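J.: Attaching a single structure in C-alpha cells format; questions to follow.
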2 protein chains.
Amino acid sequence: MSVVNTVKKSGNIRVKSQQKILIAASTEFVLQGFKGATVQSIADRADLPKANILYYFKNKENIYHAVLEHTLQMWDEGIGDISPEDGPKVAIKKFIDAKVRMSFKHPESSKIYAMEIIQGAQHLKDFARTYQRKWVREKAKLFQQWIDNGEMLNVDPVHLIFLIWSSTQHYADFETQILTIMNRADYEEEDVEEVIVFLTDIILRGCGLIK
Amino acid sequence: MSVVNTVKKSGNIRVKSQQKILIAASTEFVLQGFKGATVQSIADRADLPKANILYYFKNKENIYHAVLEHTLQMWDEGIGDISPEDGPKVAIKKFIDAKVRMSFKHPESSKIYAMEIIQGAQHLKDFARTYQRKWVREKAKLFQQWIDNGEMLNVDPVHLIFLIWSSTQHYADFETQILTIMNRADYEEEDVEEVIVFLTDIILRGCGLIK
DNA sequence: CAATTGACTGACCATGTGGTCAACATTAAA
DNA sequence: TTTAATGTTGACCACATGGTCAGTCAATTG
C-alpha cells in the first residue's frame, strides 16, 4: 500500500514535470527551431530551473526526441482510417474531417512535423520509409479498386492523398499567414466546420462523387 | 568609360560573391534553420573565409534578410497573375501551372518561406498584412464576380486560393516525404506535368468548370 | 533513530559562435 | 611611381549555451 502510494506519487510528479517540460519545449521548438530553442528558454517557459530540465531529460536532443514522438502519436491518431466498407465518398469525407480537426486542435504538432520534413526529416526518415509508405500504398490500392469499380473518377490516388494532407495541414502550419490575410486574431469554432465543408465539397466533386 | 568599367568590374566581383554567399546561405538556412546555420558553415559551403562573408554582409541577420528578400521576389514572380479577361477556367489553370512550376524550380525559396511562416512570420508580418492581404482580396473579388455571373460554382474564393497555395507548395516543402513515400531519389521532368494535370483536373472539376 | 534513495539545484566549465580588427593584397587613379 | 580605394583574411575576443557535478533537502525504509 505504502509502496503503491510512493510509486504513484513520485510517478505523478515525474509525469507532471515531464509533461510541463514537453509542452514548453514544443512551443520553443516551433518558435525558435531546434538550435534556436535553448534549454534555458525551455526552462523559463516551464518555470523550472535549467538543471531540473536536464535531470528529467539527459540532454536537449532527448527532449526533442520526446516531442517528436508525441507528434507522431498525434499523426497516427488523427489519421482517420480509410476503410473499404465505407466506399469512396464516406471514406474521403471521414479522412478530411479527421485531418482538419487535428490541424485545428494540435497546430504545434503539425508545425513541428512540418519543420522536420522541410529540414530533411533527419529524425523521421525511418518513419516515412516504413510506416508512412506502407500506409499510403495500402490506401492508394483501396482507392484504385474503387476507381476500377467505377465508383469514382480516375484520379491518381497517391496525389489525392497528398492533396488532402497538404490542404488540411495548411490551416495549422500557415496559421499566421491565414489569420493575417483574413485580418483575424484567432481561429473560431465555426472556422473548422467551414473548412471541412469547403474541402469536402470541392474534393468530392473533384473526384466525381457529387452530382 | 574607365569609370564605367571599374564600377562594372568591381560590381561583378561584388555581385558574384554575394550571390555565392546567398546561395550557400539559403541551403544552410533550410537545412539548419536560422540559429542552426552558422556563419562558418555558410562560409564553408560558399568556399570563402568567414571574415569575407562578414565583409559583404554586416552580420548574420543581414544575410537572412537578403535571402528572404530573394524569396519574396520569387513568390511575386511565380504568382502567375489572375486576370479578368481569362475567365475562371483559364485563370485557375494558369495559376496552378505557375505555382507548381515555381515549387519544382525553387524548392529552397518555398521552404524558407514556409519555415518563416510556421515560426510566426516575424520578418514577414508586414508583407502578409499589406501586399498579400490586398492581393488575396483583389483576386477573391474577381472569383466572386465569376460566381455571381454563374461562370463557376459557389466555392469560397479565399479558401480556394489557400487550397491552390497549399497543394502546390506541398511538392516543394514536403519534397523529402513525398520522395521517400514514392521510393524515389529525385523529382523528374514528368513529375511537374503530372502534378499540374492532376491538380488542374481535380480543382477545376471541384469548381464545376469541367463537364 | 540512522541510512538510503530520489528529487532538485546553484555554481561552474568547455566549447562554439558572432563579430571585430589590424594587417596585407590587389586594382584603379593621379 | 605614388596614392587611394577596395577587397581579403588570420587572429582574436566576449559571450551564450549545453552539460556536469557536488551537495542539499525530503521522504521512505529497516
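Values quoted throughout were computed directly from the atomic coordinates according to the rules given, and no laboratory measurement underlies them. Note that the structure is a prediction, hence the values are computed from the model and not measured. Using ideal geometry, Cβ is built from the backbone for each residue, glycine included, and neighbour counts are taken over all protein chains shown.
J.: Give A:Ile118, A:Ile178, A:Ile112 a once-over and let me know the one that is under 26 Å from B:Ala128 (Cα atoms), in contact with an Asp or Glu (Cβ under 8 Å, 6 or more places away or on another chain) and crowded, with 18+ Cβ neighbours inside 10 Å. Walk me through it before giving the result.
T.: Values: A:Ile178 fails: in contact with an Asp or Glu (Cβ under 8 Å, 6 or more places away or on another chain); A:Ile112 fails: in contact with an Asp or Glu (Cβ under 8 Å, 6 or more places away or on another chain).
Only one candidate passes the filter, namely A:Ile118.
J.: Say whether the condition of being in contact (Cβ under 8 Å) with a residue 24 or more places away in the chain, within 14 Å of chain B (Cβ to nearest Cβ), more than 16 Å from DNA strand D (Cβ to nearest atom) and surrounded by 17 or more Cβ atoms within 10 Å (Cβ to Cβ) is met by at least one residue in the range A:76-87.
T.: Scanning the range A:76-87, I find no residue that is in contact (Cβ under 8 Å) with a residue 24 or more places away in the chain, within 14 Å of chain B (Cβ to nearest Cβ), more than 16 Å from DNA strand D (Cβ to nearest atom) and surrounded by 17 or more Cβ atoms within 10 Å (Cβ to Cβ), so the answer is no.
J.: Sticking with this structure for a sec: Are there any helices (runs of 4 or more DSSP H) wholly within the range A:32-121 with 3 or more residues that are of a type in the set (D, E, K, R), and if so which? Full working, then the answer.
T.: Numbers: elements: A:39-46, A:50-56, A:60-77, A:87-105, A:107-118.
Fully inside the range A:32-121 and qualifying: A:60-77, A:87-105, A:107-118.
J.: Considering only residues that are more than 14 Å from DNA strand D (Cβ to nearest atom) and touching a helix residue (DSSP H, G or I) at 6+ places or on another chain (Cβ under 8 Å), look in the range B:55-71 and name the one that is farthest from B:Tyr113 (Cα to Cα).
T.: My answer is B:Ile63.
J.: What pairs come up if the first residue lies in the range A:37-63 and is away from chain B (no Cβ under 14 Å) and within 17 Å of A:Lys16 (Cα to Cα), the second is in a helix (DSSP H, G or I) and near DNA strand C (Cβ under 8 Å from one of its atoms), and their beta carbons are under 8 Å apart, counting only those six or more places apart or on different chains?
T.: Final answer for the pair search is A:Ala43/A:Lys50; A:Ala43/A:Asn52; A:Leu48/A:Ser17; A:Asn52/A:Ser17; A:Tyr56/A:Arg14; A:Tyr56/A:Ser17.
J.: May I pose another question? What tally of residues in the range A:164-194 results from selecting those that are more than 7 Å from chain B (Cβ to nearest Cβ) and part of a helix (DSSP H, G or I)?
T.: Of the residues in the range A:164-194, 14 are more than 7 Å from chain B (Cβ to nearest Cβ) and part of a helix (DSSP H, G or I).
J.: While we're here: Just to be sure before I move on: is B:Val67 more than 9 Å from DNA strand C (Cβ to nearest atom) and surrounded by fewer than 16 Cβ atoms within 10 Å (Cβ to Cβ) in the structure I sent?
T.: No: the conditions fail for B:Val67.
J.: Another question about this same structure. Please indicate, with yes or no, whether at least one residue in the range A:17-32 is under 19 Å from A:Tyr113 (Cβ atoms), within 16 Å of DNA strand C (Cβ to nearest atom), crowded, with 18+ Cβ neighbours inside 10 Å and within 14 Å of chain B (Cβ to nearest Cβ).
T.: Within the range A:17-32 (the criterion being under 19 Å from A:Tyr113 (Cβ atoms), within 16 Å of DNA strand C (Cβ to nearest atom), crowded, with 18+ Cβ neighbours inside 10 Å and within 14 Å of chain B (Cβ to nearest Cβ)), the answer is yes, since at least one residue qualifies.
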